[in-house]
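To start, the structure under review is shown below, and the notes come after it.
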Ligand code: IPM
Ligand code: MG
């Protein structure tokens, strides 16, 4: 198995280094061999090559069976020409690999129930949501777009677009995912205002005809954002467009207690999938051994499950993470009174010991 590894910026390097140690150990235990090759993306790629997604990176990714990414971006590149911002590297590789489906599971580890921001009686009802976010369309990529001047003042716009085929294929991913869970899909849109959302809803309903065993509901995005904090237990799979999914997945992550815990998988039809933590590059704590490596370690687990069909190996990592939490190890973002405060390396070593 060939994995293209892109540490990226900020805490990216430290969390990816630790996640690869976990991968190695699991490989050794199950007799699997993983070959890794490194590539540049984001700010570090700009520094070395002038662009956030060098052609060499795209080639390396396409030549691999899976891609593992840390994070991109940081204040150093905030004032750079927007067309070559670090984020463009991430958007670019998603598009190049046609990774239209982004799976972001937000689950609450029971050991972290106290770190959860919600009231205990709300948490007690359960929190296990899978956000299925469309990743290569919508307002992120829609044309035309503009940033400039009009009528003597600053003016800008983007365009939210969706073709039927883009909606159908993401709806299918959501229905299939729901089949392996509790069989419920909530489609999130803004069909009371946006034309593009009315198309979205119509096609989701149409595609649902092929999944009579799945229960489909619809919510406007503002209501969905509210319901997610009011009673997340009502949700199983949430399917939505690129922008709404970006926002709702951060919300879903945060209510579990820490965005530092959540992994993600970006998948297409044929190309290698990309696996990354949903948090960012956290430049404020980079290089200080403070980052929580668990989201990246769990992204490796998603990679084993989705890219390599190695569910036993994936389970092994998830159980090791749970056990580590059980033993009381906590990085700063999930710290609780009486717990064992550890940094990025020590947290990873505790996980390694549990494999
Ligand atoms: C995410 C991030 C990215 C996005 C940024 C870094 C471009 O917020 O993966 O959620 O908006 O998709
Ligand atoms: Mg985001």
Residue by residue through the stretch 263-293, note down the ones that are modelled with pLDDT of 95 or more, within 22 Å of residue 177 (Cβ to Cβ) and either within 16 Å of ligand 2 (Cβ to nearest atom) or not in a loop (DSSP other than H, G, I, E, B) (or both). 263, 264, 265, 266, 267, 273, 274, 275, 276, 277
Residue 346 more than 23 Å from the chain's Cα centre (by Cα), in a helix (DSSP H, G or I), free of Cβ contacts under 8 Å to residues at least 60 places away in the same chain and over 26 Å from residue 270 (Cα atoms): yes
Among what's in the stretch 225-256 and is modelled with pLDDT under 95 and buried (at least 23 other Cβ atoms within 10 Å of the Cβ), pick the residue that is nearest to ligand 2 (Cβ to nearest atom). 249
So residue 78 passes all but one of these: (1) within 15 Å of ligand 1 (Cβ to nearest atom); (2) at pLDDT below 95; (3) touching a helix residue (DSSP H, G or I) at 6+ places or on another chain (Cβ under 8 Å). Which condition number does it fail? (3)
All positions within the stretch 241-253 that are closer than 15 Å to residue 117 by Cα and either assigned by TED's automatic domain parsing to the domain that holds residue 291 or within 10 Å of ligand 1 (Cβ to nearest atom) (or both): 250, 253
In the stretch 202-218, residues that are in a helix (DSSP H, G or I) and surrounded by fewer than 19 Cβ atoms within 10 Å (Cβ to Cβ) total 4
Of the residues 93, 41, which single one is in contact with a strand residue (DSSP E or B) (Cβ under 6 Å, 6 or more places away or on another chain) and at pLDDT 95 or above? 41
Considering only residues that are at negative phi and either exposed (fewer than 13 other Cβ atoms within 10 Å of the Cβ) or at pLDDT below 95 (or both), which ones fall in the stretch 149-176? 149, 150, 153, 154, 155, 156, 157, 163, 165
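The values are calculated or read from the model by the stated rules, or taken from the named source; none is laboratory data. The structure displayed is predicted, hence computed values, not measured ones. Cβ sites come from the backbone with ideal geometry, for glycine too, and all protein chains shown count toward neighbours.
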